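Below is one structure, written out as C-alpha cells; comments come after it.
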Amino acid sequence: MFKKILVAVLITLTVFLPVTPVHAADVAISAQNAIVIDEESGKVLYERNARERMYPASITKILTIICALEKIDDLDKTVTITQSDLDTVWETGASAANFEVGEVVTYRDVLMGAMLPSGADACRALANNTCGSQEAFVAEMNNLVKKLGLTDSNFVNTTGIHDDNHYTTVYDMAMITQYAMQNENFVELFNRYQYNCSNGKHQWVKKVIYNAKKARIDTSMITGCKSGYTMKAQHTLASSLNINGHTYICVVGHCQNSDSYSHCTINDTLALGQYIGANYQYVQLNKKGEKVKTINVNDGEEEAFDVILNDDINTVLPVNYDQGKLNYDYHFETVDAPVKKGDKVGTLQVTYDGEVLYETTFKAPKSIDKVFSATVMDIVYAVLPWIIGIIVGLIALLFIARNIFRKIRRKRRKKYYNRYKRRY
C-alpha cells in the first residue's frame, strides 16, 4: 500500500515540475535504455540511460535509409539485384526482403524492402547502388552522425547485424530519427504498414505492428516505426508518436520479453507515450505576425516601423504549467537612419523556469533613408572640421607671413638708419 501511495505522489509531483526529463522510476518499462523527445525541437522529455552505449540491431536501417535517400534523385528509377547484394545475408542469419539475383526493382521497392521486412539484402543493394561499396556507404553513415554532432555512435555495417564495434545510444538514435523525419520520403517509408513490390513478386508488412494488432494491442498512437532484434541487442524500436495531435519521437533499447514477439518494445513505447500525454502538452505561446514593438528611427524619412514575429512560438510544456515561470527577454537597439532591410534591430529569448524555449533575431522589415535636412547636416558636420582647419591654417599662415614681413621691414629700417648715421 505504501509503495502505491509513493508512486502516486511521485507521478503527481512530476505534473508540476519544470520541463526536465524524467527518469526510469517514473514509468514502468522493461527497456534498459529509453528516450522521448519533441520531434519539432528535440527537447528531451523522458530518458533512461539515454546516453549509455547499446547495440541498435535493425534500427540501424533508419540511418541507412536516410543516407540512401539523400543520394537518390528518383525513387522510381530501377536497379538490378546482384550477388553482392545478397552476400553474407544468409550466412549471418540476417532478415531479408528475399530479393533474387537479376531481379529488377525500383529504388522505392528497395527502400521499402529495407524498412518493412528489414531486409539486409535491400540495405546492401542501397549501399552498392548509391556508393559503389558497403565500406564507402558506411563511411557516409558515420559522416552524417558526425554532422549531427553525435559522439556516442559508430556504425560498421548497413544492416545492424551484431558487431562489438557497432553501437549507438537511444539519444543518438532519436536525433538521427528526428533528422530523417525532415525528409518527406523517409516519413512515407517510416509510416508505411504494408507494401506490394512494383514487380509483383513481394508483399511486405511491418511485423512489429502486425504482431501487436494480432495480440489486440492498440497501436494507433504509433504513426511510424522501425524495429530491431539481435541476441546481444535484444529488442529495439524507434517510433514516431502522435499524442494529442503533436509528434514525438521515442526510442527504446534492450527490451526483453518472454514470448517470441517484440511486444515489449510496443508496450514500452505506448507506456511512454501515455506518460507524455498525461504530463505534457504542446502549447502555442504566440502567433506568427504578432506585433512585438514599434521602433523609432532617428532622422529617418519614416519615423518608425513595427517589429513582428516571423514564426509561431510553439513548445512543449508541463500540463498546468506556471505562466509566471515564462519569461520574454527582449533586447532592442537604437536605430538611426539610414536603415537597410534585414539589419539586426533586436533579439528575443523565451524561457520557462530558466530553460530556453525559443530564440530569434529581429530584423528591419524595409530600408529607410535619412531625411534630406539630416543628410545636409551630416554633410555640413562632415565638411565643417575641414573648413575650420583650412581657416585656422590660413590664419596661421597670415600670422606667420605678417611676422616675416615685420622682420624684413625692421631690417630695412635699421639698414637705412645705419647708412644715414655714417653719412652725418
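The values are calculated or read from the model by the stated rules, or taken from the named source; none is laboratory data. All of these numbers come straight from a predicted model, not from anything done at the bench. All Cβ positions, glycine included, derive from the backbone under ideal geometry; neighbour counts span all protein chains shown. Heads up: the accessible areas ignore ligands, DNA and RNA and are worked out on the full protein's heavy atoms, side chains in. Shrake-Rupley method; radii C 1.70, N 1.55, O 1.52, S 1.80 Å.
Counting only protein chain heavy atoms and rolling a 1.4 Å probe, the accessible areas of I400, I29 rank, largest first, as I400, I29. With Cα atoms as the point set, the radius of gyration and Dmax of segment 95-228 evaluate to 15.4, 44 Å.
Going by accessible surface with a 1.4 Å probe and the largest first, L397, L241, L357 read L397, L357, L241.
For segment 51-146, applying the loop criterion from DSSP together with a ceiling of 13 other beta carbons within 10 Å to the chymotrypsin sites (Phe, Trp or Tyr not before Pro) yields W90. Residues whose amide H falls under 5 Å from that of L357, counting only those 5 or more places apart or on a different chain, are V350, T351, Y352, with hydrogens built in the peptide plane.
Across all Cα pairs in segment 14-172, the calculated P(r) in 10 Å bins from zero up to the longest distance comes to 10, 35, 30, 17, 6, 1, 0 percent per bin. Sparse packing (at most 15 other Cβ atoms within 10 Å of the Cβ) combined with a DSSP loop state is found for the following GluC sites (Glu not before Pro) in segment 100-143: E100.
Largest first, the extents of the alpha carbon coordinates of segment 266-317 on the three principal axes equal 65, 15, 13 Å. Run a plain Debye calculation on segment 27-108 (Cα atoms as equal point scatterers, no solvent) and give log10 I(q)/I(0) at q = 0.27 Å⁻¹, rounded to two decimals, same order as the q list. For segment 27-108, the Cα-only Debye profile gives -1.43.
The base-10 log of I(q)/I(0) for segment 312-371, evaluated at q = 0.18 Å⁻¹, reads -0.70 [Debye formula, identical scatterers on Cα atoms, solvent excluded].
Only the Cβ atoms of Lys and Arg (+1) and of Asp and Glu (-1) were treated as charged; on that basis the dipole of the chain about its Cα centre amounts to roughly 5560 debye. Taking a 28 Å limit on the Cα-Cα distance, which of the listed pairs K43/K147; K71/K288; K146/K363; K291/K344; K71/K146 fall beyond it? K71/K288; K146/K363, as the Cα separations exceed 28 Å there.
In sequence order, segment 98-112 has phi-based couplings of 6, 5, 10, 4, x, 6, 9, 9, 8, 4, 4, 4, 5, 5, 5 Hz under the Karplus curve 6.51 cos²θ - 1.76 cosθ + 1.60, θ = phi - 60°, and Gly or Pro positions carry x.
Counting only DSSP beta bridges with both residues in the chain, the antiparallel share comes to about 95 percent.
Once mean projected area of the Cα convex hull in nm² is worked out from the coordinates, which option in (i) 34.9; (ii) 29.8; (iii) 39.6 does it equal? Read-out taken from this structure: (iii). Taking 0.36 nm per residue of separation and subtracting the Cα-Cα distance, full extension of the segment from N296 to W386 would add 29.2 nm. For segment 239-255, putting each phi into the Karplus relation 6.51 cos²θ - 1.76 cosθ + 1.60 with θ = phi - 60° gives couplings of 9, 10, 10, 9, 10, 6, x, 10, 9, 10, 10, 10, 10, 10, x, 6, 8 Hz, in residue order, rounded to whole numbers and with x for Gly and Pro. In the chain, taking the dipole from charged Cβ atoms about the Cα centre, the farthest positive-side position among N242, Y195, L45 is held by L45.
Left without a cysteine partner by the 4.7 Å Cβ rule in the chain: C67, C123, C131, C197, C225, C250. Residues whose amide H lies under 5 Å from that of A97, counting only those 5 or more places away or on a different chain, are G119, A120, D121, A122; hydrogens are built 1.01 Å from N in the peptide plane. The residues of the chain have, on average, 54 Å² of accessible surface per residue, using a 1.4 Å probe with all protein chains present. For K214, the accessible area of its heavy atoms, probed at 1.4 Å with every protein chain present, is near 130 square angstrom. All distinct Cα pairs of segment 189-239 go into the 1/r average, and the inverse of that average, the Kirkwood radius, is 12.3 Å. In order along segment 169-185, phi translates into HN-Hα couplings of 9, 5, 5, 4, 5, 5, 5, 5, 5, 4, 4, 4, 6, 6, 9, 4, 5 Hz, rounded to whole numbers, per the Karplus curve 6.51 cos²θ - 1.76 cosθ + 1.60 with θ = phi - 60° and x for Gly and Pro.
Would you work out the relative contact order for the chain, in percent, from Cα pairs under 8 angstrom that are 6 or more residues apart?
Computed over the chain, the figure is 15 percent.
Each helix, a run of at least 4 DSSP H residues, gives -39500 (n - 2.57); summed and divided by the residues of the chain, these come to -12500 deg cm²/dmol at 222 nm. Between K363 and V345, the built amide H atoms are under 5 Å apart, and every one of these is 5 or more places off in sequence or on another chain. For the pair D163 and E303, label points projected 7 Å from Cα toward Cβ lie 7.1 nm apart. Of the trypsin sites (Lys or Arg not before Pro) in segment 23-101, the ones in a loop by DSSP (not H, G, I, E or B) with at most 16 other beta carbons within 10 Å are R51, R53, K71, K77.
Just the protein heavy atoms count here, and of the accessible area of the chain at 1.4 Å, carbon and sulfur take up 52 percent.
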